[in-house]
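**Student:** Sharing a structure with you now.
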Amino acid sequence: MEFQRTVLVTGGCGFIGSAALLDWVPRHPGIRFVNLDALTYAGNPLSLSEIEKARNYAFIRRDLRDPRAIRQAIADHRPDWVFHFAAESHVDRSIAGPGDFIQTNIVGTYHLLEACREFWSNPEGKLFHHVSTDEVFGSLGDEGKFTEQTPYDPHSPYSASKAASDHLVRAYGDTYGLPFKLTNCSNNYGPRQFPEKLVPLMILNALEGKPLPVYGQGLNVRDWLYVDDHVDAIWQVAERGRFGETYCVGGNCEMRNIDVVREICRAVEDLADLPDRESMITYVKDRPGHDWRYAIATDKIESELGWKPRETFRSGIRKTVQWYLDHPDWVDSVRSGEYRRWIESHYGHRGVPA
Ligand code: NAD
Ligand code: DAU
């Protein structure tokens with residue numbers, strides 16, 4: 001059977017990319033999906049075991065930092081649509097060492113854009129969907145929300161690198177006619193998130209009886225969205241959104257960090273039948289340049305496309321805790337040196353520069 005379209009997903013072994021592929025591959029059997037991922041510490045092929053044998057799915061291990069490998073991947077697979085998820089994504093890591101963020105998020109995005117520019121001389125039927133973050137807008141005070149018109153004001157090396165990649169995508173649209181769409185989304189949570197981010201770190205520490213490290217006083221606010229709702233928003237924008245446009249995506253679910261952690265404690269106590277977890281909360285040194293508050297206005301995506309988040313935080317966090325309880329093998333794999341050895345023996349170093 002001929003496929004109607006080829007879709008390249010970068011970063012499909014990461015948290016959001018894997019949720020996207022697990023949803024899209026079975027839902028669209030007429031579309032061929034190619035997952036391009038370097039398998040950094042954050043990419044786990046085990047996340048995709050349910051679809052790895054699907055006839056409309058292929059995995060290629062390639063690194064965005066290697067321009068020849070990226071050009072060759074586009075030449076070989078000739079995608080019609082590209083969903084660019086791959087990035088270094090953790091703010092604290094970007095503070096400890098910005099280099100990989102510059103190389104992957106800025107230079108890597110440039111390599112991908114260049115390859116698309118070369119092979120997409122006819123933009124008909126093509127789409128470059130750039131998956132970005134609300135952190136490019138900076139930090140809010142106690143009032144107001146980010147909108148598509150909010151000026152960029154990134155503070156961390158991570159958000160600065162994502163802002164640069166957003167600007168590059170728009171510049172390729174304006175200068176070379178690249179057919180792009182862009183989404184800026186708030187904090188995601190859900191299954192298969194690497195346990196360095198707030199939600200999975202707190203879940204696993206709470207399950208294991210370890211301290212729950214809350215930065216500062218825990219009063220910073222984030223707007224939480226269940227990952228499947230984000231995936232749904234991205235597909236709707238790709239199918240029905242306007243080219244050259246940006247859509248803000250958020251959960252309309254602002255919470256202080258301390259309240260998120262308390263909610264996780266309650267879910268863990270309940271689902272794992274454990275005694276009081278809140279007493280394990282430990283206040284630790286604040287993140288440097290810690291953005292105070294994020295909140296996203298979703299009016300545009302709601303009015304143009306009818307998208308709305310479906311999951312509530314309470315139900316989503318319980319599903320998430322249950323997923324971590326049910327998948328100890330996944331958790332062990334991302335934490336162990338065994339995992340890295342397994343990756344190398346299965347996928348080798350192909351496409352990854354020394
Ligand atoms: P993640 O860290 O879980 O996954 C990143 C994936 O990209 C991994 O599979 C990794 O192996 C791959 N990757 C990293 N460097 C690469 C390279 N040089 N070449 C090829 N692949 C590489 O990230 P995530 O949380 O799934 O985020 C995905 C995207 O969504 C990112 O662009 C991020 O900025 C954006 N985003 C994330 C959130 C969130 O809350 N997690 C919110 C809004 C936007
Ligand atoms: O807003 C979207 C962004 O959300 C994405 O672009 C990023 O990729 C994603 O990592 C996330 O960034 P945050 O910095 O908001 O997420 P993180 O989970 O690292 O932290 C959430 C909040 O919790 C933040 O205010 C810092 C705080 N925190 C975090 C950790 C890891 C703690 O208090 N303790 C912790 O141990």
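**Student:** Rounded to the nearest 20 debye, what is the charge dipole size of region 58-162 about its Cα centre when +1 sits on each Lys and Arg Cβ and -1 on each Asp and Glu Cβ?
**Tutor:** Working: 11 positive and 16 negative charges, 110 e Å.
For region 58-162, the charge dipole is close to 520 debye.
**Student:** Among the lysines, which have Cα under 21 Å from the Cα of LYS285 when same-chain residues fewer than 8 positions away are ignored?
**Tutor:** Straight-line reach from LYS285, under 21 Å: LYS197, LYS210.
**Student:** Calculate what fraction, in whole %, of the accessible area of region 1-114 sits on carbon and sulfur atoms when a 1.4 Å probe is rolled over the protein chains. Mind dumping the intermediate values first?
**Tutor:** Details: 2150 of 4410 Å².
Here carbon and sulfur together make up 49 percent of the probe-accessible area.
**Student:** Can you send over the carbon and sulfur percentage of the accessible area for region 134-181, probe radius 1.4 Å, protein chains only?
**Tutor:** With neighbouring chains kept in place, the figure for region 134-181 is 51 percent.
**Student:** Here's a follow-up. Quote to one decimal, in nm, the extra length available between ALA75 and ASP273 on full extension: 0.36 nm per residue of separation minus the C-alpha distance between them.
**Tutor:** 66.0 nm
**Student:** When the chain is fully extended, how far beyond the present Cα-Cα distance does THR147 get from LYS210, taking 0.36 nm per residue of separation?
**Tutor:** Values: separation 63, 0.36 × 63 = 22.68 nm, distance 3.83 nm.
Extra length from THR147 to LYS210 when fully extended: 18.9 nm.
**Student:** When the expected Rg is taken as 2.2 N^0.38 Å, what fraction or multiple of it is the alpha-carbon Rg of region 159-268?
**Tutor:** Against the empirical 2.2 N^0.38 Å value, I get 1.32 for region 159-268.
**Student:** May I pose another question? Could you size up the charge dipole of the chain around its Cα centre, putting +1 on the beta carbon of Lys and Arg and -1 on that of Asp and Glu, and report it in debye to the nearest 20?
**Tutor:** Values: 41 positive and 50 negative charges, 156 e Å.
The calculation lands at about 740 debye.
**Student:** Using Stokes-Einstein with the Kirkwood hydrodynamic radius over Cα pairs, what translational diffusion coefficient do you get for region 57-137 at 4 °C and a viscosity of 1.567 mPa s, in µm²/s rounded to a whole number?
**Tutor:** For the chosen part, D equals 94 µm²/s.
**Student:** Please give the Cα centre distance for region 176-248 versus region 52-110, rounded to the nearest Å.
**Tutor:** First find each Cα centre; the distance between them is then 18 Å.
**Student:** Hey, can you find the accessible area per residue of the chain for me, probe 1.4 Å, expressed in square angstrom?
**Tutor:** On the way: 14950 Å² over 354 residues.
Counting only protein heavy atoms, the per-residue value for the chain is 42 Å².
**Student:** Calculate log10 I(q)/I(0) of region 241-354 for q = 0.16 Å⁻¹, where I(q) comes from the Debye formula with a single equal point scatterer on each Cα and nothing for solvent.
**Tutor:** Here the Debye-derived log intensity ratios amount to -1.06.
**Student:** What nm distance separates the two modelled labels at LYS319 and LYS53, each placed 7 Å from Cα along Cα→Cβ?
**Tutor:** Here the answer is 2.6 nm between the modelled labels.
**Student:** Dipole of region 232-354, Cα-centred, from +1 at each Lys and Arg C-beta and -1 at each Asp and Glu C-beta, to the nearest 20 debye?
**Tutor:** In debye, rounded to 20, region 232-354 gives about 320.
**Student:** What does the convex hull of the Cα atoms of region 1-100 come to per residue, in Å³, rounded to a whole number?
**Tutor:** That works out to 91 Å³ per residue.
**Student:** May I ask you to give the percent of accessible area on region 197-288 that is carbon plus sulfur, with a probe radius of 1.4 Å? Mind dumping the intermediate values first?
**Tutor:** Details: 1830 of 3730 Å².
About 49 percent, which is the carbon plus sulfur part of the accessible surface.
**Student:** How much length is gained on full extension from VAL107 to GLU344, taking 0.36 nm per residue of separation minus their Cα-Cα distance?
**Tutor:** Contour length minus Cα-Cα distance gives 82.8 nm.
**Student:** Could you state the angle between the C-alpha long axis of helix 313-326 and the longest principal axis of the C-alpha atoms of the chain, as a value from 0 to 90 degrees rounded to the nearest 10?
**Tutor:** Roughly 90 degrees, rounded to the nearest 10.
**Student:** Right, another one. With angles folded into 0 to 90 degrees, how steeply does helix 109-119 sit against the dominant principal axis of the chain? Use alpha carbons for both and round to 10.
**Tutor:** 30
**Student:** Between ASP259 and SER336, what is the FRET efficiency for a Förster distance of 22 Å, r being their Cβ-Cβ separation, to the nearest 0.05?
**Tutor:** The value I calculate is 0.10.
**Student:** Between ARG68 and PHE119, how many nm apart are label points set 7 Å from Cα along the C-beta direction?
**Tutor:** Between ARG68 and PHE119, the simple spin-label model gives 1.7 nm.
**Student:** Any idea what log10 I(q)/I(0) is at q = 0.08, 0.13, 0.14, 0.15 Å⁻¹ for the chain, Debye with uniform C-alpha scatterers and no solvent?
**Tutor:** -0.37, -1.04, -1.22, -1.42
**Student:** Treating the angle as unsigned and between 0 and 90°, give the value, to the nearest 10°, between the Cα long axis of helix 157-176 and the longest Cα principal axis of the chain.
**Tutor:** It is inclined by approximately 20 degrees.
The values are calculated or read from the model by the stated rules, or taken from the named source; none is laboratory data. All values derive from a computational prediction rather than experimental measurement. So basically every Cβ, Gly included, is an ideal-geometry build from the backbone, and we count neighbours across all protein chains shown. Ligands, DNA and RNA are stripped out before the accessible areas are found, and what is left, the full protein with its side chains, is counted by its heavy atoms. Shrake-Rupley method; radii C 1.70, N 1.55, O 1.52, S 1.80 Å.
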